[in-house]
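Since every read-out is calculated from the coordinates, none of them should be taken as a lab result. Predicted, not measured: the structure shown is a model, and the values here were computed from it. Cβ placement follows ideal geometry from the backbone for every residue including glycine, while neighbour counts extend to all protein chains displayed.
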Amino acid sequence: MANGRTAVRDNGAQKKKRGPWQVALILAAVGLSALFLGVPLAVIFTSAFGGGVGVFWREITEPSTLHAIWLTVLTAIVVVPINMIFGICVAWLVTRFRFPGRRLLITFVEIPFSVSPIVAGVIYLFLYGSQGLLGPFLEAHDIRIMFTVPAIFLVSLFVTCPFVARELIPLMEVQGSDEEEAAITLGATGLQTFFYVTLPNIKWALLYGAVLCNARVMGEFGATSIVSGAIRGKTNTLPLQVELLFNDYNTVGAFAAASTLAFIALLTLVLKYILERKAHG
Amino acid sequence: MFSKSSRIRKGVLPGFGITMGVTLLYMVIIVALPLLAMVLKTASLGWAEFWSIVTSDRALSTYRITLGTAAIATLINASFGLLLAWVLVRYEFPGKRLIDGLIDLPFALPTAIAGLALVTVFSRNGWFGQYLEPMGIKIAYAPLGIAIAMAFTSAPFVIRTVQPVLEDLSDDVEQAAQTLGARPWQIFRHIIWPMIFPAFLAGSALSFARSLGEFGAIVFISGNLPFKTEVTSLLVFIRLDEFDYPSAAALAMVMLIVAFLMLLTTNLIQAWQLRYAERS
């Protein structure tokens, strides 16, 4: 996967005079980026604030939108820490030990990245839904998972489970285990070694993975739209609320809700930029 | 099965048992069990029913539309990505860092928000649509819109795979070629292109794979007309809405198989790229 951690380097660039070709290529790159990436971003904010801040505020504080914001934040609060712990476990396992099936396990962890969000939703429906594998069992015990908030948590765990692991694995592989082995040999316990030796070395990459994980959790649409049932004011996350408002022809409301997610996306890019620099010294 | 094996090099570090336990348990509950549930559901259909669902006219038309638009999207991203990677690595200009940061926007922005923005920009009264539609170029609610939505959501792949390779390229070979009188185009064609080609191919394959499964952005811009602008992921969603679970399971199974084939392809390309990088 492309992980975008390539820093722009100055030294490789040619400092010679700019030929006409070079100017043309730069103009084409800047122009296309502005049209392709800049304009969609601009249209979100201009549409959200086109009617003034007052209108924006009225739309954003509409009860079902407020509930969607809360549910989206709650999902991130539940899902991101779990996948951080999972990511640390996987990374520790595959970088500190060699065992049969190790490469297979690394590939397996990456599976959710290759699966369409729609397929992610469908597989959960056929596990927990009334037509699904566990459906009869859950019904017999009067447990309902599909079309509830826990279903949103579960499917979000699925779509984002590789994020932290794939930031940590290459880093911990390169760092090696010499420092940790020294700590253990000197009598530190496993947890002491982790918190005092490993964690300081991986903290920026861990945060970086968490930021990317968070962005995906908050923005997930296809998978959540299948498992949540998108019940207004109950299981509607913010991206689903945007679609609902758009289909209601409430464009201003849709863009107001969308602009909060676009703002989070911009914040993600800024954090990503900072953490990339920290993680790679 | 693992702890007794002599092939395990445990060393002095603790935590093998617990991390293995947590990882396997999590993978089984979160990834394997749901996948198994859908495979079982599909298997319960029987081959004849499965085949008739996945080869129905409507399903076949969604494959055609999905593959066609994903191919266009990949072509857009391959050219855009190559240009951007080249310009960002080789040239200095004001605003370069801003553009380098903005490249990742499609991965940070929720796909549904991208779809909403794109349909607004390309609709008849939109910033682009008001000029394009009178010229006869229809993008919103047309196949081209699907391609643009796919291209947007998978735009960073080619750039981010080609960029590091281009950066690591040492310029002594280029300088040698230049001294020997090679033109810039010849240098690119015969020296740079062969070096970045595996990465370029890997990025394009990732972009294509992502496009095949895209849903959020497309649902806003495609107009969702059967046989015209209906992609496979959308048909799965529609079948679920109609409570036609067998059809949804069978079509999702097709998407899953294609996703695994694409995963295999990209892994093979990336392994080739790695060997290629080590040799050169």
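Some observations on this one:
- Extents of chain A, taken as max minus min of Cα coordinates on every principal axis and listed largest first, are 73, 63, 30 Å.
- Most mobile listed residue (A:Leu104, A:Leu133, A:Leu261) in chain A, GNM with C-alpha springs under 10 Å: A:Leu104
- Residues of type aspartates and glutamates that B:Lys96 reaches as a straight line, Cα spacing below 16 Å, ignoring anything fewer than 8 places off in the same chain: A:Asp10, B:Asp104, B:Glu167
- A:Ser130-A:Phe263 FRET efficiency (beta carbon distance; Förster radius 25 Å; 0.05 resolution): 0.05
- Fully extending the segment from B:Arg189 to B:Glu242, taken as 0.36 nm per residue of separation minus the present Cα-Cα distance, adds 13.8 nm.
- Across the range B:145-280, Cα pairs under 8 Å and at least six residues apart give a relative contact order of 32 percent.
- Links that overshoot a 31 Å alpha carbon limit, given the list A:Lys234/A:Lys278; B:Lys41/B:Lys228; A:Lys203/B:Lys41; A:Lys234/B:Lys138: A:Lys234/A:Lys278; A:Lys203/B:Lys41; A:Lys234/B:Lys138
- Relative contact order %, the range A:52-279, counting alpha carbon pairs below 8 Å whose residues are six or more apart: 32
- The range B:58-140: trypsin sites (Lys or Arg not before Pro) in DSSP loop, at most 16 other beta carbons within 10 Å: B:Arg124, B:Lys138
- For peptide A:21-30, the mean count of partner chain Cβ atoms within 10 Å of a residue's Cβ comes to 5.
- Computed magnitude of the charge dipole of the range A:92-200 (debye, nearest 20; Cβ of K, R +1, Cβ of D, E -1): 260
- Kyte-Doolittle at least 0.0, axis length at least 27 Å by Cα - qualifying DSSP helices, chain A: A:63-96, A:199-219, A:251-279
- Relative contact order %, the range B:47-279, counting alpha carbon pairs below 8 Å whose residues are six or more apart: 31
- If only the Cβ of Lys and Arg carry +1 and only the Cβ of Asp and Glu carry -1, the dipole of the protein assembly as shown around its Cα centre is close to 1020 debye.
- Couplings for the range B:180-192, taken from phi via the Karplus curve 6.51 cos²θ - 1.76 cosθ + 1.60 with θ = phi - 60°, read 7, x, 6, 7, x, 5, 5, 4, 5, 5, 9, 10, 6 Hz in order; Gly and Pro are left as x.
- Modelled spin labels at B:Glu174 and B:Asn267, positioned 7 Å past Cα toward Cβ, are 3.5 nm from each other.
- Across B:Ile18, B:Ile191, B:Ile257, mean-square fluctuation computed from a Gaussian network of chain B (C-alpha pairs under 10 Å connected) peaks at B:Ile18.
- Within a Gaussian network of chain A (alpha carbon springs, distance under 10 Å), most fluctuating of A:Ala182, A:Ala258, A:Ala140: A:Ala140
- Helices in chain B that qualify as membrane-span-like (whole DSSP H runs, Cα extent of at least 18 Å along the helix axis, mean Kyte-Doolittle hydropathy of 0.5 or higher) are B:57-90, B:193-213, B:245-279.
- At 1.002 mPa s and 20 °C, Stokes D of the protein assembly as shown from Kirkwood alpha-carbon radius, µm² per second: 86
- Pair A:Ile231, A:Arg103: separation of 7 Å Cα→Cβ label points (nm): 4.8
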